[in-house]
Amino acid sequence: MRVKRYVVNALPEAVSMIRSELGKDAVILNTKEIRVGGFMGMFSKKKMEVIAAIESNQANTPAQPQRKASPQANEALEQILHTVQRTASAVMEPPIVTPAEKQTGRVEQEQSIIDEIRDLRQYMVKLSKQQGDHTALSEQLYELKEHLLEQEVEMQWVERLIQAIIDKQTEQKSEFTKEQIWQLAAEQLEDWLRPYGGIGISSAVRVVHFVGPTGVGKTTTIAKLAAEQTIKQGRKVGFITSDTYRIAAVDQLRTYANILNVPLEVVFSPMDLPRAFKQLEERELIYMDTAGRNFRSELHVSEVNSLLHTSEDSETVLVLSLTGKTKDMAAVADHFSKYGVRKVLFTKLDETSVYGAIFNLIMNFEMYPTYLASGQTVPDDIDRFQIETYIQHLLGSSSR
Ligand SMILES: Nc1nc2c(ncn2[C@@H]2O[C@H](COP(=O)(O)OP(=O)(O)OP(=O)(O)O)[C@@H](O)[C@H]2O)c(=O)[nH]1
Ligand SMILES: [Mg+2]
């Protein structure tokens with residue numbers, strides 16, 4: 001081991017000497033304040049003694065370029081080192097002082113260390129503020145970000161939203177209050193969602209197909225919508241079901257058909273469709289129920305799709321339950337969107353408090369939300385999709 005003593009005015013001076021003489025791996029063993037020169041304890045000068053060491057086989061290794069730190073960061077580090085070393089040596093090894101200095105010198109020295117630590121703290125706060133403009137978020141923005149992530153809004157959208165608010169803040173040269181931030185978030189979300197709002201199921205089409213994974217609520221939803229159309233709108237509705245996979249499936253829809261006094265046709269293959277349409281030809285609106293399948297498999301998607309191409313003016317609605325996993329919902333939506341399906345209906349709103357999947361789906365697959373179902377009661381538990389209401393759900397009470 002090679003040990004070297006440096007006497008300097010301040011530690012940073014010694015650090016650069018140690019680096020160039022002993023190399024980057026040198027360690028500081030000790031530092032202490034000393035007094036040099038003078039006459040009989042008077043006129044001496046304050047200096048710092050620094051003892052540094054290096055393992056002999058590492059000595060004189062030229063300093064390697066390190067991970068590039070900013071000049072401010074280097075300066076800050078040097079200062080921290082300086083203060084820590086000074087504090088340590090002051091605590092561990094009180095400096096030798098003359099009796100005359102005893103009264104005032106010691107107190108002064110302690111005070112100067114305290115002052116230095118305080119200055120350093122202020123400097124670090126200032127530095128972190130300067131550097132944090134781009135990385136750290138204000139408490140309010142952080143809260144918004146956390147909220148949206150908890151709501152399972154995808155990170156890319158959360159980041160875009162936060163950036164949009166930061167940009168507005170920079171533009172207006174002022175930091176917004178929490179209320180302003182949540183208000184801006186609501187406005188931005190509305191801007192993004194507006195093109196997809198207020199479209200719903202077209203009232204011009206005669207045939208509406210409902211497709212979606214097992215048990216999401218397709219049949220129940222059909223009953224709810226049929227009730228609205230027959231009872232409230234006075235339209236003549238007919239049902240077709242192709243769900244012949246499950247024994248009770250046809251009976252389930254037949255029960256609703258009987259209650260609503262709506263004719264029902266059962267089809268076993270696409271070949272049966274012309275006959276079914278013929279039977280229902282005087283009906284103004286036809287709802288077609290399909291079997292729930294594992295639509296993460298594209299094969300099942302293409303299978304159901306073969307039923308959807310009729311000569312009739314039709315549209316297809318993908319039904320998804322909000323209790324499903326966001327990733328699985330996205331996979332299903334992805335498959336159906338390849339077949340041109342652009343309308344989506346969400347069910348089981350009542351069974352969740354996490355709403356981000358709706359936003360992700362609309363934005364990522366450019367799908368138009370039609371209705372939101374929120375319970376098992378036919379016909380009441382369904383509403384048209386309203387962007388403003390949805391945003392209130394998504395942002396929760398904090399937005400108010
Ligand atoms: N909580 C809640 N339950 C619902 C909602 N919609 C439907 N359900 C229930 O979900 C279950 C399945 O509903 P179905 O209408 O049979 O679902 P489906 O998509 O037709 O199912 P398959 O035909 O088997 O694929 C039933 O118990 C419904 O009462 C809803 O919005 N909220
Ligand atoms: Mg069903």
Worksheet item: For Ser202 and Thr177, what is the calculated FRET efficiency with R₀ set at 56 Å and r taken between the beta-carbons, to the nearest 0.05?
Response: 0.85
Worksheet item: What pairs in Lys327/Lys348; Lys145/Lys338; Lys236/Lys343; Lys218/Lys325; Lys224/Lys343; Lys218/Lys278 have C-alpha atoms more than 21 Å from each other?
Response: Lys145/Lys338; Lys236/Lys343; Lys218/Lys278
Worksheet item: With labels modelled as points extended 7 Å from the Cα through the Cβ direction, what inter-label distance (nm, one decimal) is found for Leu137 paired with Phe268?
Response: 5.7
Response to the item:
Mean Cβ-within-10 Å packing, highest first, puts peptides 285-293, 156-164, 321-329 in the order 285-293, 321-329, 156-164
Discussion item. Take Leu149 and Asn261, extend 7 Å from each Cα along the Cα→Cβ direction, and tell me the distance between the two endpoints in nm.
Written reply: 5.7
Response to the item:
Computed for segment 330-385: size of charge dipole around the Cα centre, +1 on C-beta of each Lys and Arg, -1 on C-beta of each Asp and Glu, debye to nearest 20, value 300
Worksheet entry | Derived scalar couplings ³J(HN,Hα) [segment 188-198; Karplus, 6.51 cos²θ - 1.76 cosθ + 1.60; whole Hz; x for Gly, Pro] | 5, 4, 5, 4, 5, 7, 3, x, 9, x, x
Worksheet entry | Charge context of Thr352, other residues only, Cβ under 13 angstrom, K/R +1, D/E -1 | -2
Worksheet item: What is segment 199-384's relative contact order, in percent, from Cα pairs under 8 angstrom and six or more apart in sequence?
Response: 29
Worksheet item: Between Asn30 and residues 5 or more places away or on another chain, which pairs have amide H atoms under 5 Å apart, with H built 1.01 Å from N, and which residues are they?
Response: Ile51
Discussion item. Within 12 Å, Cβ to Cβ, of Val211, how many net charges do the neighbouring residues add up to if Lys/Arg are +1 and Asp/Glu are -1?
Written reply: -1
Item to complete: Would you please put 215-224, 110-119 in order of how densely packed they are, using the mean number of other Cβ atoms within 10 angstrom per residue and starting with the highest?
Response: 215-224, 110-119
Practice prompt. Output the peptides 166-178, 17-29 sorted from most to least packed, where packing is the average of other Cβ atoms within 10 Å over each peptide's residues.
Written response: 17-29, 166-178
Item to complete: For segment 243-269 and segment 348-373, compute the distance between their C-alpha centroids and round to whole Å.
Response: 28
Discussion item. If I stretch the segment between Lys168 and Arg19 completely, what's the gain in nm (0.36 nm per residue apart, minus their alpha carbon distance), one decimal?
Written reply: 49.0 nm
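Taken together, the values in this text are just the output of simple stated rules run on the coordinates, not laboratory data. Worth saying up front: this structure is predicted, and the values here are computed from it rather than measured. No Cβ is skipped: glycine too gets one built from the backbone with ideal geometry, and neighbour counts run over all protein chains shown.
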